[in-house]
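The values are calculated or read from the model by the stated rules, or taken from the named source; none is laboratory data. Everything quoted here is computed from the prediction, not taken from an experiment. Heads up, the Cβs are rebuilt from the backbone with ideal geometry, glycines too, and the neighbour counts pull from every protein chain shown.
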Amino acid sequence: MKKNVLIFSLILLCFFDVKSYSQNIGMTDYPIANSNQVATIYIAKDTDSLIVWAINELADDVKGITGTRPTIVQTTAFSKKGIYIGQSRSLLFQSKAIQKELSGQWEKFCIKKEKDNLLVVGSDVRGTVFAIFEMAERLGISPWKWWADVHPIKKETVSLKLPINGIISSPSVQYRGIFLNDEDWGLQPWAAKTFETETKDIGPKTYEKIFQLLLRLKSNTIWPAMHPSTKGFFTIAGNKEMAQKYHIIIGSSHAEPMLRNNVDEWKPKIHGDYNYFTNKTQVDKYWQDRLDELKSAQNETIMTLGMRGVHDSKMEGAKDLQESVTMVEKIIGVQRNMLSNTFKKPLKDIPQAFVPYKEVLEMYDNGLKIPEDITLVWPDDNYGYIRRLSNTEEQKRPGGGGVYYHVSYWGRPHDYLWLSTTQPGLIWYEMKKAYENGAKKMWIVNVGDIKPAEYDMEFFLDMAWDINSIKSDGINHYLKNWISREFTPTIEKELSFIFKEYYRLALLRKPEYMGWSQTEPTTPVKFSDFSTEESLRRIQSYENLIRKVDSLSAFVPEERKDAWFQLVTYPIKGAAYMNHKFLYWNLAAATTDVKKKGEYDHLSTEAYEKIVQLTAFYNTELSNGKWNQMMSMRPRNLPVFDAVKKNTLTKEAPLKPNSNRIYIQANEFVTNKAAKNYQWKSINGFGYSNNAVTLFPFNQTYFKNDKPSISYEFEVTATGDYEVEVRLLPTHANNFDHEIGIQIDGNNIQSFLINTKDRDKTWKDNTLRNSAVVKLPVAITNKGKHTITISVNQTGIVLDQLAVYPFDQGSSYEIPAYKEEK
Ligand code: REL
């Protein structure tokens, strides 16, 4: 009888709406614990060991909150009231309906209250584990509980809040994960000297913690650390076994085809040159050896194919572009033969990826043919702007598309390896656009050392799990929820303002770029491009953030103080002091007032000292020394991280008049003209305006005639020569150049091409300030109101801010934005 009831209820379960949990329809509570009792967890006898591990984690989580650990009991039937967890194919959940809904699906799960029971069912092992961690999170447990010391807050009574119809969820993107990169100043020394001294490297103990984090964040893929200070992932005993234990799929970066870490594993003295033109036999053997090793290991993998140089450089040996194209096609053919011969499977059943990073994109655009079952994983330009996405034809390829994205980067024109300041609005826009253009197979984010990229990493992976979980006007709402979970709901409004400002101010100039130097350790720091007024305003904005962080810290529960330091205090104050260090130094150098000069110099030195102190606290005192060696305040020892040295200015201070300037934010349009099915909408939390505007939806469309446009008004009190300036986010065009038309009043439309070629000077300037700037001189012959109309030739163009100013005043570095809330 019970069994029939169960089958009936599971049939019902199959009819509720997919992703219904993101809609806040009627909610229900399932009691987990009160002062008298705690729910029992029931599992089938044959439950997979990873699911058993996750259930034990959940039991520990509940104990962390209530002090009592739920009992885990093996059962064959629904005989008692409790939480029933398992895979849908388990006998415990056997029914045709549930088979239909979950079985054979990739990582799908449902959580549902059924009378007195709670059912937590997954379509496969990972799906079930994700269901368990979904539950933990809903109980208030942070996925960062270990990685950021977000300790549970004690409560006597705990219940699980669920939509009445339950949750059914499955990933939007199949392979979702992170790339550990540039780990030399954080993750590697921390693992080697603090956490895993027995391995002296990023070994199985560290990977175990990383894999647990990935599962809590509902992700499944790793591109392991691969820098020269780290030994190759496969050469450290226990690493691949750990990946297998946690069902984590192993891939490798664009520079490491066939899961080979060349920096560590290619030994020139033994193997010769890493050159396919001259040393094919050795290179083939080197790749085949890794496949042979994997044959017995049974790890899930996704193979990166192709060939570049030993590390992050172009392929050796080709005379010209055409020769490299022909050779890479041949190499991919050879690699695929190796794969099918070794694993004795059709190629379509062996996950493979091709990553057209840097110069490889040029090869692809010059005719390189990639077999259709290989996933095209499109990289960004290292600064968060995706260079290229699948066009309509490419979207039909069975291998599908993906993205390799950065929230941390080592390279030209400048590194950003210290803090994590990529604006979530930018991540949202680029990844949503990627998804709408077919990138659904694989998303990898370069997170550097993981810390302090916690928020950006979770934001990215949450979108990968459920692309609809964050809407264009929901980025701040998502942030507030995160704040409530990590700290307390009491401060969600104030702290979300701080974070929004932190990301917005860094969009104009990241803390790592404040020295106006380039990436090489030898280039000296220079005067900033900020005028005195801009510097003072920026100093004030950061001062405000410091004050707010200090005043909010009193509201943070004791259990969350360690988390508060690593997730809030260090990044926010670090960014603030880095700005203070340089801006006060600039002010000191620019002023002729001796007293002021002394004060500014002092403030600059003090700001530097504060960074030293914060970093020392992070490494030695935070969480009783748990994070020792994790935080470096000078990754790659670039001059920007030093105390500023007085009187070493190598360029003139900018002199900027600042009067009679008109500033317009992109969302302040007065009229707009939509086209086809495309509408102008703003994205809250994106751009320096925090409200950048673009055409929705994001699938690529070209408007030959009848271009969509958007209009703004401004008023002048004096006639004369003016300049109209339009600032756009420096997004990349796919097939056709980005073009905007600017029309002032009824005059002729002036056209501007605004996309820049990756790695040219304009691109460098644009990415460092996150702005593509278009200027149009206009002679204004009558006072009063005027109109600016901006038209666009395709989707993918994002407007941020506008300015109108007397021509002889010139452009300013910043167009101030209105602050929406305090
Ligand atoms: O960010 C990237 O993808 C590349 O720059 C890296 O692969 C590379 O290892 C970089 O960290 C420099 O060494």
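General observations
- Search result, residues across the stretch 572-617 that are under 23 Å from Thr422 (Cβ atoms) and of a type outside the set (A, V, I, L, M): Lys573, Gly574, Tyr577, Asn579, His580, Lys581, Phe582, Thr615
- Matching residues, the stretch 461-481, being closer than 23 Å to Phe211 by Cα, under 14 Å from the mean Cα position of the chain (by Cα) and not aromatic (Phe, Trp, Tyr): Leu461, Asp462, Met463, Ala464, Ile467
- Of the candidates Thr40, Thr47, Thr28, the single residue that is touching a residue at least 12 places away in the same chain (Cβ under 8 Å) and more than 30 Å from Ala464 (Cβ to Cβ) is Thr40.
- Selection from the stretch 148-188 of residues that are small (Gly, Ala, Ser) and out of contact with any helix residue (DSSP H, G or I) (no Cβ under 8 Å at 6 or more places or on another chain): Ser159
- Single residue of Ile202, Ile222, Ile210 found to be closer than 21 Å to Ser420 by Cα, within 16 Å of the ligand (Cβ to nearest atom) and among the hydrophobic types (A, V, I, L, M, F, W, C): Ile222
- Residue in the stretch 184-194 that is modelled with pLDDT of 95 or more, in a loop (DSSP other than H, G, I, E, B) and either away from the ligand (no atom under 16 Å from the Cβ) or buried (at least 21 other Cβ atoms within 10 Å of the Cβ) (or both) present: yes
- Only residues that are out of contact with any strand residue (DSSP E or B) (no Cβ under 8 Å at 6 or more places or on another chain) and either over 24 Å from Ala54 (Cβ atoms) or within 11 Å of the ligand (Cβ to nearest atom) (or both) were counted in the stretch 227-261, giving 13.
- Residue in the stretch 277-288 that is modelled with pLDDT of 95 or more, closer than 26 Å to Asp381 by Cα, surrounded by 20 or more Cβ atoms within 10 Å (Cβ to Cβ) and assigned by TED's automatic domain parsing to the domain that holds Thr326 present: no
- Within the stretch 91-112, tally of residues that are surrounded by fewer than 21 Cβ atoms within 10 Å (Cβ to Cβ) and either under 21 Å from Glu57 (Cα atoms) or of a type in the set (Phe, Trp, Tyr) (or both): 1
- Top-ranked residue of the stretch 376-412 - restricted to ones that are more than 10 Å from the ligand (Cβ to nearest atom) and hydrophobic (A, V, I, L, M, F, W, C), ranked as nearest to Thr762 (Cα to Cα): Ile386
- Whenever a residue of the stretch 389-409 is assigned by TED's automatic domain parsing to the domain that holds Gln352, its partners that are more than 16 Å from the ligand (Cβ to nearest atom) and of a type in the set (A, V, I, L, M), lying with C-beta atoms within less than 6 angstrom and at least six residues away or across chains, give the pairs Leu389/Ala434; Gly399/Ile374; Gly401/Leu376; Gly401/Ala439; Gly402/Ala439; Val403/Ala434; Val403/Ala439.
For every residue, the table says whether it meets (1) modelled with pLDDT of 95 or more; (2) more than 17 Å from the chain's Cα centre (by Cα); (3) within 27 Å of Asn56 (Cβ to Cβ).
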| residue | (1), (2), (3) |
| --- | --- |
| Glu196 | yes, yes, yes |
| Lys200 | yes, yes, no |
| Lys205 | yes, yes, yes |
| Glu208 | yes, yes, yes |
| Asn220 | yes, no, yes |
| Pro224 | yes, no, yes |
| Lys240 | yes, yes, yes |
| Ala243 | yes, yes, yes |
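- Filtered by the rule that a residue be closer than 24 Å to Leu139 by Cα and aromatic (Phe, Trp, Tyr), the stretch 477-523 gives Tyr478, Trp482, Phe487.
- Among residues of the stretch 359-374 that are over 26 Å from Asp349 (Cα atoms), those with a beta-carbon under 7 Å from a residue that is among the small types (Gly, Ala, Ser) and surrounded by 15 or more Cβ atoms within 10 Å (Cβ to Cβ) at least six positions away or on a different chain give the pairs Met363/Ser324.
- Looking across Ile202, Ile210, one residue alone is in the same structural domain as Tyr276 (by TED's automatic domain parsing), touching a strand residue (DSSP E or B) at 6+ places or on another chain (Cβ under 8 Å) and not in a loop (DSSP other than H, G, I, E, B). It is Ile210.
- Flag if Asp415 is more than 16 Å from the ligand (Cβ to nearest atom) and either in the same structural domain as Gln212 (by TED's automatic domain parsing) or modelled with pLDDT of 95 or more (or both): no
- Applying the criterion of at least 1 residues that are touching a helix residue (DSSP H, G or I) at 6+ places or on another chain (Cβ under 9 Å) and of a type in the set (A, V, I, L, M) to the strands (runs of 3 or more DSSP E) found wholly in the stretch 324-413 leaves 375-379, 401-406.
- The criterion of at least 1 residues that are over 23 Å from Arg216 (Cα atoms) and either touching a Pro at 6+ places or on another chain (Cβ under 8 Å) or of a type in the set (Ser, Thr, Tyr) (or both) is met, among helices (runs of 4 or more DSSP H) falling completely within the stretch 427-530, by 492-508.
- For the stretch 306-365, residues that are within 16 Å of the ligand (Cβ to nearest atom) and among the basic types (Lys, Arg) total 3.
- Boolean, Met442 is within 16 Å of the ligand (Cβ to nearest atom) and crowded, with 24+ Cβ neighbours inside 10 Å: yes
- Options Val773, Val792; residue that is surrounded by fewer than 20 Cβ atoms within 10 Å (Cβ to Cβ) and either assigned by TED's automatic domain parsing to the domain that holds Leu426 or closer than 23 Å to Pro708 by Cα (or both): Val773
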